[in-house]
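The values are calculated or read from the model by the stated rules, or taken from the named source; none is laboratory data. Owing to the predicted nature of the structure, the values given are computational and were not obtained by experimental measurement. Cβ placement follows ideal geometry from the backbone for every residue including glycine, while neighbour counts extend to all protein chains displayed. Areas reflect the complete protein model, heavy atoms only, side chains present, ligands, DNA and RNA absent. Shrake-Rupley method; radii C 1.70, N 1.55, O 1.52, S 1.80 Å.
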Amino acid sequence: MELQELGKRAKAAEVIMRNMGMKEKEKILLEVAEHLVEDSDAILAANQKDMDVGREAGMHQGLLDRLMLNKERIAQMAEGIRQVAELEDPVGEVLSMKQRPNGLMIGKKRVPLGVIGIIYESRPNVTADAFALCFKTGNTVILKGGSDAIHSNMAIVKSINETLSNNQLPEGVLSLIEDTSRETATAFMKMNEYVDVLIPRGGSGLIRAVVANATIPVIETGTGNCHIYVDETADLDMAVNIINNAKTQRIGVCNACESLVLHESIVDELMPRLSAKLSESHVEIRGDERVQKATKDAVAATEKDWGTEYLDYIISAKTVSDIDEAITHINKYNTGHSEAIITNNYEHAQKFLNEIDAAAVYVNASTRFTDGFEFGFGAEIGISTQKLHARGPMGLEALTTTKYIIYGDGQIRE
């Protein structure tokens, strides 16, 4: 189907979605979740096609991990949809209402954004998450996944659209652009006649391409060069546990730890223990001279390593003399995503929280928690690393805007 036709259908369906009641949206989302689980075998068969193509093409292990579905991950997708269904609906909320001296009552009300376009790469779970959040907030959505996950995405969208059709909803509530060419992606970025906001989810190349080419307003969901700073007062057992979790639990995600910053006073004690733990997952440590002296397992880091999002079993490690140097280093090389400090010093914790420029800043916890599900949003449309409109995990409220509602009784302006 041509892009223009997809745009027209999404715009037409927007009118119906805008006026749909909370209970009806909740009921349909619960049916979508149930139907996805029922369709697990078909979805997994489609995903296997994508995995086979990816392996044959030599796809990186981290990207294969992002692409791979199993019954557990489909069940998690369905659970995310159920959680979204049960969340409080922000649409229609009146945020304020004030009376002016002339008697006018002026209020602000939360409303859907309209038609949302999402461009994303090898993460088929995004298909279900994006639909659920957009549907709950009364938006229609046009999805443009990557070629790596096209069969998976088509199967998920087919399952969802069957449920929507069974509930007499029109084509256009959820659309998938099946042409995965760059030319089509670029044309999609310029559909401002139909699409109200464009959200890219993927690597730095995709983000740059969307920002450079789009004529639609963009919300950037950026890459994640996430740091953990181990302070001189840190509990080192805690540090080893948190770093191992943040690095190895799932390598192909944007909230995984890619970079360590270590106070010089704890390097000699921490690094042998940490490298022993990370070696269980075959993690390569790229460190400065001090880190290399502290453990034979580290190799030399280059300047490029400090700013690299590996999405791999690799982590960089930089030594600093104090918290000020740590903050300066992190703010220079981070991507505005998620940063953490491990410390038992309250003043250092507060300084780190106040001075680190990122969407999510942690004290004594893994960066892996930067996630809509973990934050209680049910799911997320992405993690915004920009500062306008939305920042951090984007749940329901991030997919709404506001309009003013004004009540009068005949006032005219003099």
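Got a sec? Which helices (runs of 4 or more DSSP H) wholly within region 28-96 have at least 2 residues that are out of contact with any Lys or Arg (no Cβ under 9 Å at 6 or more places or on another chain), of a type outside the set (Phe, Trp, Tyr) and closer than 25 Å to Ile16 by Cβ?
71-86
Does at least one position in region 402-412 carry a residue that is assigned to a loop (DSSP other than H, G, I, E, B), over 30 Å from Val141 (Cβ atoms) and free of Cβ contacts under 8 Å to residues at least 40 places away in the same chain?
Looking for residues that are assigned to a loop (DSSP other than H, G, I, E, B), over 30 Å from Val141 (Cβ atoms) and free of Cβ contacts under 8 Å to residues at least 40 places away in the same chain, one finds at least one in region 402-412, hence yes.
If you take the residues in region 159-174 that are open to solvent by 10 Å² or more (accessible area, probe 1.4 Å) and touching a residue at least 60 places away in the same chain (Cβ under 8 Å), which one is nearest to Gly117 (Cα to Cα)?
Restricting to residues being open to solvent by 10 Å² or more (accessible area, probe 1.4 Å) and touching a residue at least 60 places away in the same chain (Cβ under 8 Å), the top hit is Glu171.
Condition (residue is of a type in the set (Gly, Ala, Ser), modelled with pLDDT under 95 and outside any helix (DSSP H, G or I)) applied to region 147-169: is it met by at least one residue?
Taking every residue of region 147-169 in turn, none turns out to be of a type in the set (Gly, Ala, Ser), modelled with pLDDT under 95 and outside any helix (DSSP H, G or I).
Any residue at all in region 369-381 that is of a type in the set (A, V, I, L, M), in contact (Cβ under 8 Å) with a residue 12 or more places away in the chain and either surrounded by 22 or more Cβ atoms within 10 Å (Cβ to Cβ) or part of a loop (DSSP other than H, G, I, E, B) (or both)?
yes
Determine which member of the set Ala294, Ala300 is farther than 28 Å from Arg201 by Cβ, touching a residue at least 12 places away in the same chain (Cβ under 8 Å), of a type outside the set (Ser, Thr, Tyr) and open to solvent by less than 50 Å² (accessible area, probe 1.4 Å).
The unique qualifying residue is Ala294.
Check whether at least one residue in region 101-112 is farther than 25 Å from Gly21 by Cα, assigned to a strand (DSSP E or B) and open to solvent by 20 Å² or more (accessible area, probe 1.4 Å), and report yes or no.
Yes, some residue in region 101-112 is farther than 25 Å from Gly21 by Cα, assigned to a strand (DSSP E or B) and open to solvent by 20 Å² or more (accessible area, probe 1.4 Å).
What residue, of Tyr346, Tyr333, Tyr407, is within 26 Å of Pro200 (Cα to Cα) and either surrounded by fewer than 22 Cβ atoms within 10 Å (Cβ to Cβ) or touching a Ser or Thr at 6+ places or on another chain (Cβ under 7 Å) (or both)?
Tyr333
Could you list, in sequence order, the residues of region 325-354 that are in a helix (DSSP H, G or I), touching an Asp or Glu at 6+ places or on another chain (Cβ under 9 Å) and not polar (S, T, N, Q)?
Within region 325-354, Ala326, Ile327, Ile330, His348, Ala349, Lys351, Phe352 meet the criteria.
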